[in-house]
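Take a look at the structure below.
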There are 2 protein chains.
Amino acid sequence: MSPPTLLVLRADPPPRLGRLTGRVRVRYADEGSLAAELPSADVLLVWDFTSDAVRAAWPGAGPRPAWVHTPSAGVDRLLCPELVASDTVVTNARGIFEQPIAEYVAGLVLAMAKDLPGTLELQRERRWHHREGLPVAGTRAVVVGAGPIGRAVATTLRALGVRTAVVGRTARPRVHGAEELDLLLTRADWVVCAAPLTTSTRGMFDARRFGLMQPSARFVNVGRGQLVVEDDLVAAVTKRWIAGAALDVFAEEPLGEDSALWDVPGLIVSPHMSGDTVGWRDRLGAQFVDMFELWAAGRPLPNVVDKERGYVPVHD
Amino acid sequence: MSPPTLLVLRADPPPRLGRLTGRVRVRYADEGSLAAELPSADVLLVWDFTSDAVRAAWPGAGPRPAWVHTPSAGVDRLLCPELVASDTVVTNARGIFEQPIAEYVAGLVLAMAKDLPGTLELQRERRWHHREGLPVAGTRAVVVGAGPIGRAVATTLRALGVRTAVVGRTARPRVHGAEELDLLLTRADWVVCAAPLTTSTRGMFDARRFGLMQPSARFVNVGRGQLVVEDDLVAAVTKRWIAGAALDVFAEEPLGEDSALWDVPGLIVSPHMSGDTVGWRDRLGAQFVDMFELWAAGRPLPNVVDKERGYVPVHD
C-alpha cells in the first residue's frame with residue numbers, strides 16, 4: 001500500500017514533520033497551485049492558516065482529501081458549503097492557544113486598568129504625572145465565547161478576582177445563553193470577545209451593543225475581526241460610549257498602514273499575536289504529527305469541528 | 001478634659017476627618033512650620049507622606065506626639081534615631097496598598113511577557129509586526145519582601161501560574177531567608193522588589209545582584225528607589241545582563257526631566273502609582289479615622305511599626 005499523500009499549504013517556516021518523514025508523501029502547495037493538488041491529497045494541512053484559498057480551491061464532491069487540519073483555533077477561513085456538505089473531517093488546534101490568549105487578555109485588562117499606555121506615553125515625554133489606577137479584583141467581565149479559549153480567559157480573569165460571566169450560543173451549566181448577552185453587557189467593566197466567526201456571530205458587536213455598555217467599559221477582541229463592526233467600535237471609543245478597547249484581530253489582516261484604527265485614542269492595536277508564544281509553531285507541528293498518527297492508525301481524531309456550527313463543540 | 005490636638009502635615013487634598021470633627025483640635029502644618037507645631041501635638045498625621053520633614057523637625061526627647069501615623073506602607077521617610085528611641089508609637093497604612101500593587105505588578109509582568117510596550121510603539125508607527133510572546137504560567141518569580149505587599153504580589157503571581165518564592169529577612173514557613181536570595185535570583189524569570197527600605201536593604205539591588213540574574217530575567221521595583229543602585233540597573237538593562245525592568249519608585253521623586261532613566265530601552269518608568277487606585281485617599285483617611293477612635297479610647301492600635309526594624313512585622 002502506498003503511503004498517504006499529505007498536502008501542505010505552505011507558509012514559512014515549514015512544519016517540522018519529524019517522525020512522519022518517509023511514512024507520508026509530502027507535497028507542498030501555495031495558493032495558486034492548491035486547486036490542482038487538492039484532489040490527489042489524502043490529508044490537507046493548512047499550514048498557512050491565514051489563507052482563504054481553501055474555500056476557493058475546494059474540489060467539491062469527492063472522497064479527497066479525507067481530512068483537513070488547520071493549526072488555528074478558528075475554522076472560518078476554511079468552511080465553504082461544499083466542505084461542510086462533504087464527508088471530509090476538519091480538525092483544529094485546540095489546546096495550543098488557550099493559555100497564551102488568556103494571559104494576553106489578562107495583561108490587556110490589567111494594563112488598561114492601570115493605564116500602562118498612558119504611562120508609556122508620559123515616559124516618552126519625560127513627564128512625571130501621577131494617576132490613579134482602577135482596581136481589577138471585584139470588577140465584572142463578560143466573555144463572549146464558551147469554547148476552550150473563552151473558558152481559559154474566564155479562568156484567568158477569575159484568578160484575578162474578576163467576576164466573570166461566560167456567554168455561549170445556548171445556556172448550559174456555568175454558561176449563559178446568547179439571549180442573556182445584552183443584559184450582561186449593561187453591567188460589565190470588561191467585555192472580551194473570544195467567539196467563533198459564524199453566520200450568527202458575524203458583526204455581533206455593533207453600535208447597538210456598544211451602546212448598551214457602560215461608559216467605563218472596555219472591550220477586547222481576540223476572536224475574529226469580523227465579529228466587530230469596526231466603524232461602530234471606532235465611533236463608540238471616539239465618542240466615549242465606552243472607555244477603551246483593544247483589538248488583536250481585524251476584518252482585514254494585516255491592517256493596512258492607512259487604516260483609521262491605528263490612531264484612535266483609547267484603542268490598542270496589536271497584530272494578531274495573542275495566542276502566539278515562543279515555540280508555538282513547533283507545538284502546532286507536533287500536535288499535527290500526533291493527530292496524523294491517530295488518523296493513519298484509523299483511530300478517532302480529537303478536535304473535530306462541527307462543520308454546521310463552525311467550531312469544535314465543548315462537551316461539558 | 002480638652003480634646004486632643006491632631007497635627008496634620010498638609011497635602012492636597014486634605015484628609016476627610018469625618019466623624020472626628022469637633023472631637024479633636026486639628027492643626028495643619030507645612031514643612032516649614034512643622035518643627036514649631038510638633039511639641040504641642042498629641043497625634044501627628046503625616047498626610048504628606050512624600051515629605052522627609054518629620055525627621056528634621058522631630059522634637060527629640062519628650063512625650064509628644066504620642067502617636068505618628070503615615071498613610072503609606074513604608075516608614076523610611078519618618079524614622080530618625082530620636083523617634084526610634086522615643087515612646088512614640090508609629091503606625092502605617094497596612095491594608096490599603098497590597099491588592100492594587102499586586103495587580104500592578106501582575107500587569108507589568110504580563111505586559112513585559114507579551115511585549116505590550118513594543119506593540120504600542122509599533123502602533124504609533126502604524127506598523128503590523130507580529131511577534132511571539134512569552135508564556136507566564138510556569139515561569140519563576142522571586143518576590144523580595146515578606147510583608148503584606150510582597151505576599152499579595154506572590155499570591156497574585158501564583159494565581160497566574162507563576163512559581164513564586166518570597167524572600168524575607170529571616171527564613172520562616174513559606175518565606176525564604178535573605179541568605180537564599182542570591183541562589184533564587186540565578187533562576188528567576190521575574191524579580192520583584194517589595195522590600196522595606198532599611199539600613200540592611202538600601203542598595204541591595206546592585207551590579208553584583210543584577211549580574212546573578214538570567215539574561216532573560218526582568219526586574220520590577222515597587223518598594224523604594226533607594227533599594228536599587230540605579231546606575232547599576234541602567235547598565236544591566238543597557239548591556240542586556242537582564243532583559244528588562246520596570247521602576248515605579250526612584251531614589252529621587254519626582255524623577256527629574258533630565259534623568260537618564262526616562263529613555264533606557266527596555267526600562268518602563270512610572271510615577272510611584274502602583275498602589276494608588278481611585279478613592280485611595282478616601283480610604284487612607286477613613287483608615288486613620290478608625291485608628292484614631294481606637295487611640296482615643298485607649299485601645300491598642302493596629303499596624304504598629306517595629307521602629308528598630310523599620311516596618312510592621314507580619315505575625316505568621
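The values are calculated or read from the model by the stated rules, or taken from the named source; none is laboratory data. For clarity, every value in this text was computed on a predicted model and none was experimentally measured. Cβ placement follows ideal geometry from the backbone for every residue including glycine, while neighbour counts extend to all protein chains displayed.
Can you work out which of the residues in region B:262-316 that are at the interface with another protein chain (Cβ under 8 Å from one of its Cβ atoms) and charged (D, E, K, R) is surrounded by the most Cβ atoms within 10 Å (Cβ to Cβ)?
It comes out as B:Asp276.
In region B:3-14, is there at least one residue being closer than 18 Å to B:Cys80 by Cβ and either outside any helix (DSSP H, G or I) or in the same structural domain as B:Arg224 (by TED's automatic domain parsing) (or both)? Show your work before the answer.
Of the residues in region B:3-14, the ones closer than 18 Å to B:Cys80 by Cβ are B:7, B:9.
Filter once more, keeping what is either outside any helix (DSSP H, G or I) or in the same structural domain as B:Arg224 (by TED's automatic domain parsing) (or both): B:7, B:9.
Yes; the residues of region B:3-14 include at least one that is closer than 18 Å to B:Cys80 by Cβ and either outside any helix (DSSP H, G or I) or in the same structural domain as B:Arg224 (by TED's automatic domain parsing) (or both).
Of the residues B:Thr119, B:Thr156, only one is touching a Ser or Thr at 6+ places or on another chain (Cβ under 7 Å) and of a type in the set (S, T, N, Q); which? I'd like the intermediate steps shown before the answer.
Values: B:Thr156 fails: touching a Ser or Thr at 6+ places or on another chain (Cβ under 7 Å).
So the residue among B:Thr119, B:Thr156 that is touching a Ser or Thr at 6+ places or on another chain (Cβ under 7 Å) and of a type in the set (S, T, N, Q) is B:Thr119.
Determine which member of the set A:Thr70, A:Thr119, A:Thr91 is at pLDDT 95 or above and in contact with a His (Cβ under 7 Å, 6 or more places away or on another chain). Can you show your working first?
Numbers: A:Thr70 fails: in contact with a His (Cβ under 7 Å, 6 or more places away or on another chain); A:Thr119 fails: in contact with a His (Cβ under 7 Å, 6 or more places away or on another chain).
Result of the check over A:Thr70, A:Thr119, A:Thr91: A:Thr91.
Being closer than 19 Å to A:Met112 by Cβ, among the aliphatic types (A, V, I, L, M) and surrounded by fewer than 19 Cβ atoms within 10 Å (Cβ to Cβ) narrows it down to one residue among A:Ala251, A:Ala243, A:Ala236; which is it? Break it down into steps so the answer makes sense when it comes.
Details: A:Ala251 fails: closer than 19 Å to A:Met112 by Cβ; A:Ala236 fails: surrounded by fewer than 19 Cβ atoms within 10 Å (Cβ to Cβ).
None of the other options fit; the residue is A:Ala243.
Could you check, for region A:24-36, whether at least one of its residues is among the hydroxyl-bearing types (Ser, Thr, Tyr), outside the structural domain of A:Cys193 (by TED's automatic domain parsing), assigned to a strand (DSSP E or B) and in contact with a strand residue (DSSP E or B) (Cβ under 9 Å, 6 or more places away or on another chain)? I'd like the intermediate steps shown before the answer.
Going through region A:24-36, the residues among the hydroxyl-bearing types (Ser, Thr, Tyr) turn out to be A:28, A:33.
Next, only the ones that are outside the structural domain of A:Cys193 (by TED's automatic domain parsing) stay: A:28, A:33.
Going one step further and asking which of them are assigned to a strand (DSSP E or B), we end up with A:28.
Restricting the remaining residues to those that are in contact with a strand residue (DSSP E or B) (Cβ under 9 Å, 6 or more places away or on another chain) gives A:28.
Yes, the conditions are met somewhere in region A:24-36.
How many residues are facing another protein chain (nearest Cβ under 7 Å) and crowded, with 24+ Cβ neighbours inside 10 Å if we restrict to region A:134-147?
1
Are there helices (runs of 4 or more DSSP H) fully within region B:179-264 with at least 1 residues that are in contact (Cβ under 8 Å) with a residue 40 or more places away in the chain? List them. Explain how you work it out, then say what you get.
Values: elements: B:181-185, B:207-212, B:230-238.
Where helices (runs of 4 or more DSSP H) fall fully within region B:179-264 and carry at least 1 residues being in contact (Cβ under 8 Å) with a residue 40 or more places away in the chain, they are B:181-185.
Looking only at region B:117-173, count how many residues are assigned to a strand (DSSP E or B) and of a type in the set (Lys, Arg). Walk me through how you get there before you give the answer.
Going through region B:117-173, the residues assigned to a strand (DSSP E or B) turn out to be B:133, B:140-144, B:163-167, B:172.
Subsequent filtering for residues that are of a type in the set (Lys, Arg) retains B:140, B:163, B:172.
Matching residues across region B:117-173 total 3.
Condition test on B:Asp263, is it over 16 Å from A:Pro135 (Cα atoms) and out of contact with any Phe, Trp or Tyr (no Cβ under 7 Å at 6 or more places or on another chain)? Working first, answer last.
On the way: over 16 Å from A:Pro135 (Cα atoms): yes; out of contact with any Phe, Trp or Tyr (no Cβ under 7 Å at 6 or more places or on another chain): yes.
Yes; evaluated as a whole, the condition is true for this residue.
From the residues in region B:68-116 that are in a helix (DSSP H, G or I), charged (D, E, K, R) and surrounded by fewer than 24 Cβ atoms within 10 Å (Cβ to Cβ), which one is nearest to the other protein chains (Cβ to nearest Cβ)? Walk me through how you get there before you give the answer.
Going residue by residue through region B:68-116, those that are in a helix (DSSP H, G or I) are B:81-85, B:98-113, B:116.
Now drop any that are not charged (D, E, K, R), which leaves B:82, B:98, B:103.
Subsequent filtering for residues that are surrounded by fewer than 24 Cβ atoms within 10 Å (Cβ to Cβ) retains B:82, B:98.
Working: B:Glu82: 31, B:Glu98: 11 Å.
This residue is B:Glu98.
Identify, from the list B:Gly266, B:Gly275, the residue that is at pLDDT 95 or above and on the phi > 0 side of the Ramachandran plot. If you could, list the steps in order and put the result at the bottom.
Working: B:Gly275 fails: on the phi > 0 side of the Ramachandran plot.
Result: B:Gly266 is the single residue among B:Gly266, B:Gly275 that is at pLDDT 95 or above and on the phi > 0 side of the Ramachandran plot.
In region A:266-279, is there at least one residue being touching a residue at least 12 places away in the same chain (Cβ under 8 Å), part of a helix (DSSP H, G or I) and out of contact with any helix residue (DSSP H, G or I) (no Cβ under 7 Å at 6 or more places or on another chain)?
Going through region A:266-279, the residues touching a residue at least 12 places away in the same chain (Cβ under 8 Å) turn out to be A:266-277.
Restricting the remaining residues to those that are part of a helix (DSSP H, G or I) gives none.
Checked against the condition, which is being touching a residue at least 12 places away in the same chain (Cβ under 8 Å), part of a helix (DSSP H, G or I) and out of contact with any helix residue (DSSP H, G or I) (no Cβ under 7 Å at 6 or more places or on another chain), region A:266-279 yields no hits at all.
Considering only residues that are at pLDDT below 95 and of a type in the set (Gly, Ala, Ser), which ones fall in region B:15-34?
Listed by number, the residues that qualify are B:Gly18, B:Gly22.
When you look at B:Ala73, is it closer than 22 Å to B:Ser274 by Cβ and either outside the structural domain of B:Gly150 (by TED's automatic domain parsing) or among the polar types (S, T, N, Q) (or both), yes or no?
For B:Ala73, the condition - closer than 22 Å to B:Ser274 by Cβ and either outside the structural domain of B:Gly150 (by TED's automatic domain parsing) or among the polar types (S, T, N, Q) (or both) - is met.
Check off (1) among the small types (Gly, Ala, Ser); (2) within 14 Å of chain A (Cβ to nearest Cβ); (3) surrounded by fewer than 16 Cβ atoms within 10 Å (Cβ to Cβ) for B:Ser259 and give me the number that stays unchecked.
With respect to (1) among the small types (Gly, Ala, Ser); (2) within 14 Å of chain A (Cβ to nearest Cβ); (3) surrounded by fewer than 16 Cβ atoms within 10 Å (Cβ to Cβ), B:Ser259 is out only on (3).
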